[in-house]
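Everything below concerns the one structure shown next.
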Amino acid sequence: MALDPAEEHLRHVEKDVLIPKIMREKARERCSEQVQDFTKCCKDSGILMVVKCRKENSTLKACLTAHYTDPAFYEECKMEYLQEREEFRKTGVPAKKRLQKLPTSM
């Protein structure tokens, strides 16, 4: 089985840390309703959240796991990472700095 040319150039840290980080961030956005439900339950339940929020926790885990195990979602996140990496290599400016707002008054 031959590797995709872009895949050959991914370092271990890119495959196992940086791309999964993008996946986690995007999955949390896509599961935002479940995240909100779980967060609200935890805030409302206090110390009993472990017992009271099992249903919300299970729903959130199911949503996140569905994204984490989806090969198409991995490819989407990998392509996003590769675009960010390419932009960094061209400009030398990390994505965080590029995405920050410019001052409105000088």
### Summary
If R0 = 22 Å, then residue 39 and residue 73, at their Cβ-Cβ distance, give a FRET efficiency to the nearest 0.05 of 0.45
### Task
Output the pairs from 15/61; 15/40; 52/96; 15/55; 15/43; 15/96 with a Cα-Cα distance over 28 Å in this structure; if there are none, say none.
15/40; 52/96; 15/55; 15/43
#### Entry: Residue-count net charge about residue 20 - beta-carbon cut-off 12 Å; Lys, Arg +1, Asp, Glu -1
+2
### Message
Could you order the peptides 23-32, 38-47 from most to least packed, using the average number of other C-beta atoms within 10 Å per residue?
### Response
23-32, 38-47
### Task
Go through the range 62-68 residue by residue and turn each phi into a ³J(HN,Hα) via Karplus (6.51, -1.76, 1.60, θ = phi - 60°); whole Hz please, and just put x for glycine and proline.
4, 5, 5, 4, 4, 6, 4
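Readers should treat all values here as calculations from the given coordinates under stated rules, not as data from a laboratory. Predicted, not measured: the structure shown is a model, and the values here were computed from it. All Cβ positions, even for glycine, are placed from backbone atoms using ideal geometry, and neighbour counts span all protein chains on display.
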